[in-house]
2 protein chains.
Amino acid sequence: MHYPEPLEKLIQFLKKMPGVGRKTAERFAFHLLLWPKNQLVEFADAIAKAQEKLNTCQECGCLLDTSPCPFCDISKRQTHLLCIVGSVKDIFLIEKTREFRGLYHVLGGLLSPITGQSPALLRIDILKKRIEKYHVKEVILALDSTLEGDVTAHFLKKELDSLSLLASRLALGLPMGSSLDYIDGGTLARAFSGRRTF
Amino acid sequence: MHYPEPLEKLIQFLKKMPGVGRKTAERFAFHLLLWPKNQLVEFADAIAKAQEKLNTCQECGCLLDTSPCPFCDISKRQTHLLCIVGSVKDIFLIEKTREFRGLYHVLGGLLSPITGQSPALLRIDILKKRIEKYHVKEVILALDSTLEGDVTAHFLKKELDSLSLLASRLALGLPMGSSLDYIDGGTLARAFSGRRTF
């Protein structure tokens, strides 16, 4: 017994969300069928138009609500520090910590032999131009601690080698509130080698 | 730091999905921003039009792909058995088991003092007419084993009392493949009282 075609189509789209399998997609779809019509139309509109309504800053690559970009306002940011992130979302995560007041640069992805993300897509040229323009002294590679993050970090290190600046990566170690019992060996080893005087 | 408004709006809609919190909605939204434009438009279209493209069988209340309703085709179904379910989705779940070849009846919800679902919404009049028309001998209440399911089952039992037919509910007991260790006391007690000779 198959679902009617319009329902099946909806399920197939919902299944494309990260971490959503067949069962969850079915639950979402049946939930959507109960929504009032005007709400569904608004939702559909939000999906279809989000991309075109959102502007991207040509400098840092972040999403823009207002122009000029608040992250590129050099009167309010420390220009000698540049934080390189994989995606726009990372900027909002870092801003929440209030730990960093420098400039940002969005790569728009991480290098991956699996998905085929190649260096050409990483906005490297703009990155180099910005480093020279603002006389950046330190770049912080705030990349995932995954295979893709590591590969991208090494690639960037090599690319930026000639610019004589300090390159750093985020510390690896125990997440706050965690117990040694539940930490994998790799993380524990990195936490040891990165230990700080107390 | 807030997200730009079109993104925030999208997140708010995605958050309405069952079981989706703020963090998951954000992940979904950023994922959607990476989709190709034509795919987004198709997705939006599937959401906006699913309701109007889907027809409901006036008899059983199931979603229809083709007319007449395959579940109401009395040449292929046993008309003396009627299975009462809460929502359309339940029919597809039951059909997959190939355990039941009778008629279905979708209530369109369960009674709930919390969400305010009242008896008027349960399509009771059509249910009674169908029971008389097909000379149904047994109704199977395939309802959730929750408070709402119990309340609805008792309400239906009272409503159908005058029609002199057998009413049954799905068995309560251990899920297949489960270990006694992980079963709650209520389920175990019901599994005991519902034990079958072996």
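Coordinate-derived values only; no laboratory data. What you see is a predicted model, and the numbers here were worked out from it, not measured in a lab. Using ideal geometry, Cβ is built from the backbone for each residue, glycine included, and neighbour counts are taken over all protein chains shown.
Any chance you could give the angle, 0 to 90 degrees and rounded to 10, that helix A:5-14 forms with the longest Cα principal axis of chain A? Helix A:5-14 and the main axis of chain A meet at about 20 degrees. Once you sort the root eigenvalues of the Cα gyration tensor of region B:43-198 as a ≥ b ≥ c, which label holds: rounded (a/c under 1.5), prolate (a/b larger than b/c) or oblate (the other case)? Prolate is the answer for region B:43-198, as a/c is 1.5 or above and a/b outweighs b/c.
Got a sec? Which residues in region A:60-86 would a label at B:GLN12 touch, if it sits 7 Å along Cα→Cβ and we count backbone N under 18 Å? Taking a point 7 Å out along Cα→Cβ of B:GLN12, the residues of region A:60-86 whose backbone N falls under 18 Å are A:65-66. Close amide H pairs (under 5 Å, H built 1.01 Å from N) link B:TYR104 with B:CYS83, residues at least 5 positions away or on another chain. In chain A, the calculated helix contribution to ellipticity at 222 nm averages -13000 deg cm²/dmol per residue, counting -39,500 (n - 2.57) for every DSSP H run with n ≥ 4. Between the Cα long axis of helix A:22-33 and the first principal axis of chain A there is an angle of about 60°, rounded to the nearest 10. Rounded to the nearest 20 debye, the dipole magnitude of the protein assembly as shown is 180 debye, with +1 charges on Lys and Arg beta carbons, -1 on Asp and Glu beta carbons, and the Cα centre as origin.
As a ratio to 2.2 N^0.38 Å, the alpha-carbon radius of gyration for region A:54-93 is 1.12. The long axis of helix B:88-97 is offset from the longest Cα principal axis of chain B by roughly 60 degrees. Electrostatic tally near A:CYS62: other residues with Cβ closer than 11 Å to its Cβ, Lys and Arg +1, Asp and Glu -1, net -3. Spin-label model, B:THR197/B:LYS23: points 7 Å from Cα along the beta carbon direction are separated by 5.4 nm. May I ask which of A:LYS9/B:LYS37; A:LYS76/B:LYS15; A:LYS76/B:LYS37; A:LYS157/B:LYS9 have a Cα-Cα span longer than 29 Å here? Pairs exceeding the cut-off: A:LYS76/B:LYS15; A:LYS76/B:LYS37; A:LYS157/B:LYS9. Size estimate for region B:14-121 follows the Kirkwood approach: the inverse of mean 1/r over distinct Cα pairs works out to 17.0 Å. On a per residue basis, the convex hull of the C-alpha atoms belonging to region B:152-198 measures out at 113 Å³. Let me spell out the model: positive unit charges on the Cβ of Lys and Arg, negative unit charges on the Cβ of Asp and Glu, origin at the Cα centre of region A:47-198. What dipole size does that give, in debye rounded to 20? Roughly 400 debye for region A:47-198. Counting only Cα atoms, the protein assembly as shown measures 89, 47, 38 Å along its principal axes, largest extent leading. Its alpha carbons give region A:75-118 an Rg and a Dmax of 12.6, 41 Å. Packing around the peptides B:111-124, B:74-87, A:184-197, taken as the average count of other Cβ atoms within 10 Å per residue, puts them in this order, highest first: B:74-87, B:111-124, A:184-197. In this structure, the amide hydrogen of B:LEU141, modeled 1.01 Å from its nitrogen in the peptide plane, lies closer than 5 angstrom to those of B:ILE84, B:SER168, B:ARG169, B:LEU170, counting only residues at least 5 positions away or on a different chain. Its residues counted as N, region A:1-41 yields a C-alpha radius of gyration over 2.2 N^0.38 Å of 1.15. Plainly put, the tip 7 Å out from Cα toward Cβ on A:ARG190 is 4.7 nm from that tip on each other copy, the closest given first.
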